[in-house]
1. I'm trying to understand the selection: among the residues of the stretch 159-180, which are within 16 Å of Cys263 (Cα to Cα) and either outside any helix (DSSP H, G or I) or aromatic (Phe, Trp, Tyr) (or both)?
2. Does Leu245 satisfy being farther than 19 Å from Ala200 by Cα and either modelled with pLDDT of 95 or more or of a type in the set (A, V, I, L, M) (or both)?
3. Before we move on, is Tyr127 part of a helix (DSSP H, G or I), among the hydroxyl-bearing types (Ser, Thr, Tyr) and over 21 Å from Ser292 (Cα atoms)?
4. Does Arg230 count as in contact with a Lys or Arg (Cβ under 8 Å, 6 or more places away or on another chain), on the phi < 0 side of the Ramachandran plot and of a type in the set (Lys, Arg)?
5. On the given criteria, is Ile259 without any contact (Cβ under 8 Å) to a residue 40 or more places away in the chain and β-branched (Val, Ile, Thr)?
6. What is the residue count in the stretch 200-212 for residues that are in a helix (DSSP H, G or I) and in contact with a Ser or Thr (Cβ under 7 Å, 6 or more places away or on another chain)?
7. Taking the stated definitions as given, is Gln141 in a helix (DSSP H, G or I) and either among the polar types (S, T, N, Q) or more than 30 Å from Ser300 (Cβ to Cβ) (or both)?
8. If I ask for residues that are among the aliphatic types (A, V, I, L, M) and touching a helix residue (DSSP H, G or I) at 6+ places or on another chain (Cβ under 9 Å), which ones from the stretch 160-192 would you list?
Amino acid sequence: MQRTSFWVTMVLLLGCCLGLVLLVSSQAIAGAVFVRDEFSNGGIGSTFCCGVSGVQKGYTALSLDVAEISEARTELPSVSVTGVSDATIEGLEGLEVGYVDDTRVQILTDLHDIYTCPIQVNENDLYLLMVSGGALLLIDQDVYDRINAGPRTPESGHISTFITELGNSLSALTICGLISRKDPETAYLGANAVAYSGIACLTLKAAFGRARPWLGEGPYAFNGLQISDRYNSMPSGHSATAFALATVLARQYPEYKRIFYACASLIALSRVYVHAHWPSDVLVGAALGVWSANQVMGSSRILEIRW
């Protein structure tokens, strides 16, 4: 009976995490939307719009494909194309044209924008987190006991330790480093989302001062300002890191978003299984990770930067 309760509780908590994350990150997962723009100044452009956390950005980039230019001319017969001759189009062939803002947008400027941008918080998402987190807080001890009920084997201990360590910042940044070999933009956004979530987590951990489960002080031991790891239970930093990176990957590769969030949820659950956090800690950490990723993606202009 204990084993049945254990697995049922794990599935319910996993579903809760996934549902909250998919709801909070719906705009980020939607991805980029490209809208055909008009001919202007003798050139052809497309407007890039990215909706993240209620923030919209628009950037105009030159087309790199001559065939696309010709296609655009046929698609927009009512627009004047005076000044764009066939010779001009042919001269563009083989010419690598960068983004409009290449000369103005640099990595350091982008980092400044990310970490100095005003904090954007969706009120509905915040209310949802407060309600769900508060409800889970009331049954933290029971859920924690059920997740940790039943016999443990050395194999399960090794597996849970391996899974939980995937959520630390060093592991996440290592993953970003591997990704950078094929997709530097995604790696850049992922690394900044991890860093941003880490800063937010450290701030809230010190503010709440919640006792770790293994201290035996119960789920309601909030001691205020603390810098000791013993009282840094809420929110879960590993959960925030895992969901921050998962959100960036889900935005860049939406076809695999369920896999990314499932892996992040396993990491979050492992934090309860290894007695490092209460269930409400990982829920708040997961939401904080998604918010951090959305904040970074909404502030970054990485798509305008040439590597």
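The values are calculated or read from the model by the stated rules, or taken from the named source; none is laboratory data. Since the model is a prediction, treat every value here as computed from it, not as a measurement. Virtual Cβ from ideal backbone geometry, glycine too; neighbours counted across all protein chains shown.
1. Of everything in the stretch 159-180, those that are within 16 Å of Cys263 (Cα to Cα) and either outside any helix (DSSP H, G or I) or aromatic (Phe, Trp, Tyr) (or both) turn out to be Phe162, Leu166, Gly167, Asn168.
2. Here the answer is no, as Leu245 does not meet what is asked.
3. Considered against the rule, which asks whether it is part of a helix (DSSP H, G or I), among the hydroxyl-bearing types (Ser, Thr, Tyr) and over 21 Å from Ser292 (Cα atoms), Tyr127 comes out as no.
4. Considered against the rule, which asks whether it is in contact with a Lys or Arg (Cβ under 8 Å, 6 or more places away or on another chain), on the phi < 0 side of the Ramachandran plot and of a type in the set (Lys, Arg), Arg230 comes out as yes.
5. When the stated conditions are applied, Ile259 passes them.
6. Qualifying residue count for the region: 1.
7. When the stated conditions are applied, Gln141 passes them.
8. Ile163, Leu166, Ala172, Leu173, Ile175, Leu178, Ile179, Ala187, Leu189, Ala191
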